[in-house]
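Notes for the one structure printed next.
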Amino acid sequence: MSARLYHEAILAEARRGEGAGRLEAPERVVERDNPLCGDRIRLEVQLRDGRVVALRHTTRGCLLTRAAASLLARLAPGRTPAELAELDRRLEHWLAGAGEVPDEALALFAPVREVSSRHDCVRLPFMAAAALAREEAS
Amino acid sequence: MSARLYHEAILAEARRGEGAGRLEAPERVVERDNPLCGDRIRLEVQLRDGRVVALRHTTRGCLLTRAAASLLARLAPGRTPAELAELDRRLEHWLAGAGEVPDEALALFAPVREVSSRHDCVRLPFMAAAALAREEAS
Amino acid sequence: MRVDVAVLRRDFPIFEAQPAPFHYLDSAATAQICRPALEALCRFEGKARANVKRGVYRLAEAATRAFEEARRQVARLLGGVDPAEVVFTAGTTLALNLAAHGLSPRLGPGRRVLVSVLEHHSNLVPWQLACARTGAELVAVPATADGRLDHEALERLLDSRVAVVALTHASNVTGAVSDVARVARAVRAVGAVLVVDGAQRIPHGPVDVRRLGCDLYAFSGHKAYGATGAGVLWGRRELLEPFPPFLGGGEMITRVTLAHSSYREPPHRFEAGTPPIGPVLALGAAARWMMAQDWQALRAHEEALTRRLLAGLAAMRDVRILGPTDVGERIGVVAFTLESHHPHDICQLLDERGVCTRGGHHCAQPLMDHFGIEASVRASLAPYNDEADVDALLEGLETVRRILG
Amino acid sequence: MRVDVAVLRRDFPIFEAQPAPFHYLDSAATAQICRPALEALCRFEGKARANVKRGVYRLAEAATRAFEEARRQVARLLGGVDPAEVVFTAGTTLALNLAAHGLSPRLGPGRRVLVSVLEHHSNLVPWQLACARTGAELVAVPATADGRLDHEALERLLDSRVAVVALTHASNVTGAVSDVARVARAVRAVGAVLVVDGAQRIPHGPVDVRRLGCDLYAFSGHKAYGATGAGVLWGRRELLEPFPPFLGGGEMITRVTLAHSSYREPPHRFEAGTPPIGPVLALGAAARWMMAQDWQALRAHEEALTRRLLAGLAAMRDVRILGPTDVGERIGVVAFTLESHHPHDICQLLDERGVCTRGGHHCAQPLMDHFGIEASVRASLAPYNDEADVDALLEGLETVRRILG
Ligand SMILES: Cc1ncc(COP(=O)(O)O)c(C=O)c1O
Ligand SMILES: Cc1ncc(COP(=O)(O)O)c(C=O)c1O
């Protein structure tokens, strides 16, 4: 079951590490912990007209978190923080077994749906991105 | 088992209520609660040369407590507070199944030994008397 | 639908285990556990134990899932609230202490906490301690002569000084059920928080806490057909959110350094350390069992038994009943005194005939003071009781008189 | 005496229930329950339940007797202390919060609490909260590079400002066992109180707390072959006596009026409300089981397995072991990292082969900071483990490398 978790696409995505690193002068910074394991992500974001134009992340986490961070970096540009929050919400539901995959790029996480203890590993980067929207709202 | 508890001698002793009432000008007063049922005893005592010469009690309690209070009133005169504390200690042990009955007058409580939930009912008056010694010491 | 007690008792393993006669009339102290709760408990502890909330191996993941499923079952029992509003505790007592601690920032000199004289010590002492700590004033709401909450007096006491009102939903002595919805409206009008002790009410059927309009609701698993060791504090999310941490420890933090800790959101902030996992799973199973019952039928059954018990007692000379006589206003928790005999002596002799009742102050001394007594005998009913139980008690009281004179 | 693990496992029902392969190496999170504890729990909850401390009917009296017998068993496990010094709690976390609350009157500005960087959050956060409340200062005792308590540093920090020293007996990460007797002498010399978190040490054999010389000692039933939901705070009588009440509720009072309550003597003052009776009975039975074991043999068995595990890990490239390598200084709790792989990924793949380990910060973030890491993998041993368990872990790690590259 968990061997399937570590299929080639996930390993490759984690290794790719798209968007790893920092921005020169980030406009917005969010940090987020996974309280269960101490994993942490830091997002640095540049917005224009309310849309993400650049996103970098520093991620200390497991393969699932790193693959998810890499995918976030690919999915974020062009979206608003509110759209990213919606993406996280739909990701949560999909992992829990309800609804469609929120984006085809995330379909590689399908085997994680059966492993509830790891849902938060996948979600950590998206939860951090969702926090951008909450900060905006408040 | 418990029917044996309420044998004639206990009922008679409880009804007798030896020493019930108050002293004119008590030298020492102790109050003691049974925290489990709210029962309460108030002892009023007169001492001479360190020995009890008069003891009265106001007892709100079950038959066992009332019988015990009545017996205390009969046993206390002539004893020192320390001796009463020792009497309580030996009563506790005897009820718990160890040692001899501390005084023949208390033998009527023999059936209570098997009913651990009621030991404190019998002991309440004697614990109050033992408190006289503790107050003295402090 | 009539309740077939013989069938219902099959759900309660104790009735197979205890030799007859066994008339268990002490469910208000602890109810008997239902079979699904016992099975959940013993299965988890004996066959599938792992710690929750962090493990990734399948056994640990299954434990975590079961734990969160128990939270959902309790959320359903409380009217379908958000499971994240359900905090698991060690019991009602801990839940109410958590409530008093969490609400302490609202207390202080000039502020008042109202409690009624009907309260169990567990819904009184925590507020005394909180008031002593903060300088707030504890004010007593009186009871009526027949042991109900005096709603008018409560309403007269409500003003802007009142920060918290802490009330029992049903009294563990008089059985009186308070009109919480009415109280909640009045409490909300003055901007105070309403804490409800549901320990005695929940065993008599599901409660819709949102509909009631209270803010916090506490109860124990062991009185609601679950196991000893677990209970619940439900709280409105907006209210729980700013509660300061109560117990410190593992699982309730986001990050700890030696100098500083930051805390997780509810409910985890209030579930420090390893929770009572087995008892929580039992509570979840008990909540599910409760949701599967026909409470209209069970309620009618309980009312009929209560009526029979009250009538039997009323027919005896020198019996004093300590609660309302209208069964519509009460649960089947019936306390009484016999003028000439002490509750302990009565209970002891009732046990002789297999009748289990409780004698004492029932952890409600202010209510005993209200009635001018020290103690009483209490018989408390649950769905598994029947007419034979009630009759055994009534006949037992006649024997008590015969033996003790 | 060699330990026959196959025979010993018969005392642990989980090994019949779980399909092979089942290599349970997470006993530091929760140990498996021993059969007598499971039987005590299930028998009480299912066949003989009544509330304790007040009932006079036989079922209730038997429950009270069993409860107090459990207290005596725990008193024996702790070296034959006075049972009245044994306070039952919901677990180590609650016990340590009770300790921090009870000792708060000794804290204040200018006073210090020493804790080590080895502490589990449950022996750290309560002291942070107590210091924040009272104005005392929390001071960290460092650890050595190999994750032991730095005894010299501790002794240098001890002076008349120190009111409380709170230390773990054995680390839940590095397995290091501190020399509590040595610490106790130094702590006593400055008139401070020594609180010991025994959660990890007790499962490895009885502890004579009086001989150790500590003042308070806490542990959990579920880590010591009992059930979830119960734990213990032992305290010297003279120390517990003046502790203010912590949780308010039933059973801990002598008399309650609305204005005022007076409190019972220990241990009852600290056991508010219905205790976790079933879990306490399980704890008593587990303590009795422990007292019946040959701990010299079990200790030798554990040392042999620990040595095998440490040697196997040390032989691997890029493994970092987080504790002392001398098995005489540690229990069989072994945490480590693999340079190139994350603990969660490792644990997940180990589960594939039925190897249950834990990955994460183990509720010891300051210690993770000390090691400069976020998380680690932990394998923890109990008497029911054998060489096959250790080897499955070591082989599993090779597979992890193969799969994750
Ligand atoms: C050293 C140590 N202290 C305290 C605790 C907390 O114990 P519990 O979670 O049973 O309250 C643990 C267990 O996680 C521990 O390992
Ligand atoms: C009304 C009421 N509140 C609170 C409690 C305390 O519950 P527990 O002892 O389970 O904490 C009880 C039970 O004794 C009760 O009857």
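The values are calculated or read from the model by the stated rules, or taken from the named source; none is laboratory data. If you're wondering where the values come from, they're calculated on a predicted model, not measured in any experiment. Every residue, glycine among them, receives a Cβ derived from its backbone with ideal geometry; neighbour counts consider all protein chains shown.
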Scanning the range D:118-173 residue by residue, those of a type in the set (Ser, Thr, Tyr), under 24 Å from the mean Cα position of the chain (by Cα) and in a helix (DSSP H, G or I) turn out to be D:Ser122
Counting only residues in the range D:188-232 that are away from chain C (no Cβ under 13 Å) and part of a strand (DSSP E or B), the one farthest from ligand 2 (Cβ to nearest atom) is identified as D:Leu194
Pairs returned, first residue in the range A:107-126 that is more than 12 Å from chain C (Cβ to nearest Cβ), second residue that is assigned to a helix (DSSP H, G or I) and of a type in the set (Lys, Arg), beta-carbon separation under 6 angstrom, 6 or more apart or interchain, are A:Pro111/A:Arg4
Flagged pairs (Cβ under 7 angstrom, 6 or more apart or on separate chains; first in the range D:358-377, facing another protein chain (nearest Cβ under 7 Å) and of a type in the set (A, V, I, L, M, F, W, C); second surrounded by fewer than 24 Cβ atoms within 10 Å (Cβ to Cβ) and part of a helix (DSSP H, G or I)) are D:Ala375/D:Met368
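Out of D:Ala66, D:Ala75, which single residue is surrounded by fewer than 24 Cβ atoms within 10 Å (Cβ to Cβ), touching a Pro at 6+ places or on another chain (Cβ under 7 Å) and not assigned by TED's automatic domain parsing to the domain that holds D:Phe336? Steps first, please.
Numbers: D:Ala66 fails: touching a Pro at 6+ places or on another chain (Cβ under 7 Å).
Sole residue among the options that is surrounded by fewer than 24 Cβ atoms within 10 Å (Cβ to Cβ), touching a Pro at 6+ places or on another chain (Cβ under 7 Å) and not assigned by TED's automatic domain parsing to the domain that holds D:Phe336: D:Ala75.
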Scanning the range D:306-348 residue by residue, those touching a helix residue (DSSP H, G or I) at 6+ places or on another chain (Cβ under 6 Å) and facing chain C (nearest Cβ under 10 Å) turn out to be D:Asp345, D:Ile346, D:Gln348
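Here's the yes/no breakdown for (1) within 16 Å of ligand 1 (Cβ to nearest atom); (2) farther than 14 Å from D:Trp234 by Cα:
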| position | (1), (2) |
| --- | --- |
| D:Ser171 | yes, yes |
| D:Ser178 | yes, yes |
| D:Ala181 | no, yes |
| D:Gly191 | no, yes |
| D:Val195 | yes, no |
| D:Arg201 | yes, yes |
| D:His204 | yes, yes |
| D:Asp208 | no, no |
| D:Cys214 | yes, no |
Here the qualifying pairs (Cβ atoms under 6 Å; residues six or more apart or on different chains; first in the range D:386-405 and under 22 Å from A:Ala12 (Cα atoms); second of a type outside the set (A, V, I, L, M, F, W, C)) come out as D:Ile403/A:Tyr6; D:Leu404/D:His341
Considering only helices (runs of 4 or more DSSP H) wholly within the range D:1-105, the ones with at least 2 residues that are farther than 26 Å from C:Phe88 by Cα are D:5-9, D:14-17, D:35-47, D:58-77
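Would you say A:Arg22 is part of a loop (DSSP other than H, G, I, E, B) and either modelled with pLDDT of 95 or more or under 30 Å from D:Leu349 (Cβ atoms) (or both)?
Details: part of a loop (DSSP other than H, G, I, E, B): yes; either modelled with pLDDT of 95 or more or under 30 Å from D:Leu349 (Cβ atoms) (or both): yes.
For A:Arg22, the condition - part of a loop (DSSP other than H, G, I, E, B) and either modelled with pLDDT of 95 or more or under 30 Å from D:Leu349 (Cβ atoms) (or both) - is met.
Which residues, taken from the range C:317-341, are part of a loop (DSSP other than H, G, I, E, B) and either touching a Phe, Trp or Tyr at 6+ places or on another chain (Cβ under 9 Å) or buried (at least 21 other Cβ atoms within 10 Å of the Cβ) (or both)? Even if it seems obvious, please write down each step before you answer.
Residues of the range C:317-341 part of a loop (DSSP other than H, G, I, E, B): C:317-318, C:322-326, C:331-332, C:339-340.
Scanning the range C:317-341 gives C:Leu322, C:Gly323, C:Ile331, C:Gly332.
Among residues belonging to the range D:233-244 that are assigned to a loop (DSSP other than H, G, I, E, B) and out of contact with any helix residue (DSSP H, G or I) (no Cβ under 6 Å at 6 or more places or on another chain), point out the one that is nearest to the other protein chains (Cβ to nearest Cβ).
The first filter runs over the range D:233-244 and keeps only residues assigned to a loop (DSSP other than H, G, I, E, B), leaving D:236, D:241-244.
Then keep just the ones that are out of contact with any helix residue (DSSP H, G or I) (no Cβ under 6 Å at 6 or more places or on another chain); that gives D:236, D:241-242, D:244.
Values: D:Arg236: 20, D:Glu241: 13, D:Pro242: 15, D:Pro244: 9 Å.
Per the criteria, the residue is D:Pro244.
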Check your understanding: Got at least one residue in the range B:81-102 being in contact (Cβ under 8 Å) with a residue 12 or more places away in the chain, over 30 Å from D:Arg269 (Cβ atoms) and outside any helix (DSSP H, G or I)?
Key -> no
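Just wondering, is there one or more residues in the range D:380-403 that are in a strand (DSSP E or B), within 14 Å of chain C (Cβ to nearest Cβ) and closer than 30 Å to C:His260 by Cβ?
Filtering the range D:380-403 for residues in a strand (DSSP E or B) gives D:380.
If we keep only those that are within 14 Å of chain C (Cβ to nearest Cβ) as well, we get D:380.
Checking which are closer than 30 Å to C:His260 by Cβ leaves us with D:380.
Scanning the range D:380-403, I find at least one residue that is in a strand (DSSP E or B), within 14 Å of chain C (Cβ to nearest Cβ) and closer than 30 Å to C:His260 by Cβ, so the answer is yes.
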Of the listed residues (C:Phe12, C:Phe88, C:Phe44, C:Phe22), the one being surrounded by fewer than 17 Cβ atoms within 10 Å (Cβ to Cβ) and of a type in the set (A, V, I, L, M, F, W, C) is C:Phe22
Only unsatisfied item for D:Ser261, checking (1) at pLDDT below 95; (2) assigned by TED's automatic domain parsing to the domain that holds D:Val334, is (2)
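Taking the range C:219-252 on its own, how many of its residues are within 16 Å of ligand 1 (Cβ to nearest atom) and surrounded by 24 or more Cβ atoms within 10 Å (Cβ to Cβ)? Reasoning before the result, please.
First, pick out the residues of the range C:219-252 that are within 16 Å of ligand 1 (Cβ to nearest atom): C:229-230, C:245-252.
Restricting the remaining residues to those that are surrounded by 24 or more Cβ atoms within 10 Å (Cβ to Cβ) gives C:229-230, C:247-250, C:252.
The qualifying residues number 7.
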